[in-house]
Amino acid sequence: MIEIYTDGASSGNPGISGAGIFIKANGKQYEYTIPLGKMSNHEAEFHAVNKALNICLEKFPGEILSFQSDSQTVVAAIEKKFAKNPVFKQLLDEIMEKAQQFPYFFIKWIPSKQNFHADQLAKNAILMQQK
């Protein structure tokens, strides 16, 4: 099973945003810092999950995925397979389509303090864009 921790962050709402992805797989750790441009914090959280799924499709096809996020909005949308906001809905549709390509896809909400690593990576993505 592959463990994936995702976080999105924004400097302002909307503002310069980034995604942080921390993956534990087969005894190894992978870190991704992804600049996202200008968007809301919630949108950045959806993008973080979407980008992480892209990475998993490339590096871990056919694996069982266990996602963790500190975004209640994203976790609830994925669990209910519903988002009212049109921007979130489009991202949710992309996430669900990619998730179906894996035998099992789980997502769980975790407190921010348990998502520290992904949070730092997301903040670093913002700093990269401010230089």
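The values are calculated or read from the model by the stated rules, or taken from the named source; none is laboratory data. Because the structure is a prediction, the values reported are computed rather than measured. With ideal geometry, Cβ positions are generated from the backbone for all residues, glycine too; neighbour counts draw on all protein chains shown. For the accessible areas, the whole protein counts, side chains as well, though only heavy atoms, and no ligand, DNA or RNA atoms are used. Shrake-Rupley method; radii C 1.70, N 1.55, O 1.52, S 1.80 Å.
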**Prompt:** How large is ³J(HN,Hα) for each residue in the range 68-76, as worked out from phi by the Karplus curve 6.51 cos²θ - 1.76 cosθ + 1.60 (θ = phi - 60°), to whole Hz, x for Gly and Pro?
**Reply:** 10, 9, 9, 9, 5, 4, 5, 4, 5
**Rough spin-label spacing in nm, given labels placed 7 Å along Cα→Cβ, for Lys80 and Lys59** = 3.2 nm
**Heavy atoms of Phe88 accessible to a 1.4 Å probe, total area in Å² rounded to 10** = 30 Å²
**Message:** As I understand it, the dipole of the chain uses +1 on the Cβ of Lys and Arg and -1 on the Cβ of Asp and Glu, about the Cα centre. Which of Asn85, Ala52, Phe106 lies farthest toward its positive end?
**Reply:** Asn85
**Prompt:** Where both residues lie in the chain, what percent of DSSP beta bridges are antiparallel, nearest 5?
**Reply:** 70 percent
**Fill in**
Scoring only Lys, Arg, Asp and Glu (+1, +1, -1, -1) among other residues with Cβ under 11 Å from the Cβ of Ala77 yields +1
**Request:** Heavy atoms only, probe 1.4 angstrom, no DNA, RNA or ligands counted: give me Leu121, Leu127, Leu57 ranked by accessible area, highest first.
**Result:** Leu127, Leu57, Leu121
**Fill in**
Amide H contacts under 5 Å for Ala83, restricted to residues at least 5 apart in sequence or on another chain and with H modeled in the peptide plane, are none
**Message:** Given contacts defined as C-alpha pairs under 8 Å and at least six residues apart, what's the relative contact order of the chain, whole-number percent?
**Reply:** 35 percent
**Residue-averaged 222 nm ellipticity for the chain, from DSSP H runs of 4+ at -39500 (n - 2.57), nearest 500** = -14000 deg cm²/dmol
**Complete:** Quick P(r) readout (the range 14-131; Cα-Cα; 5 Å bins; whole %) gives 2, 11, 22, 25, 22, 13, 4, 1, 0
**Message:** Based on C-alpha coordinates, I'd like the Rg and Dmax of the range 7-59, in Å.
**Reply:** 11.7, 37
**Item:** Karplus (6.51, -1.76, 1.60) ³J(HN,Hα), θ = phi - 60°, over the range 7-15, in Hz, Gly and Pro reported as x
**Value:** 8, x, 9, 9, 9, x, 9, x, x
**Message:** I want the local charge near Ser11. Using Cβ-Cβ distances under 10 Å, sum +1 for each Lys or Arg and -1 for each Asp or Glu among the other residues.
**Reply:** +2
**Request:** Quick one: pull the percent of accessible area on the chain belonging to carbon and sulfur, 1.4 Å probe, ligands and nucleic acids left out.
**Result:** 51 percent
**Request:** Leaving out ligands and nucleic acids, note down the accessible area per residue over the chain with a 1.4 angstrom probe, in whole Å².
**Result:** 53 Å²
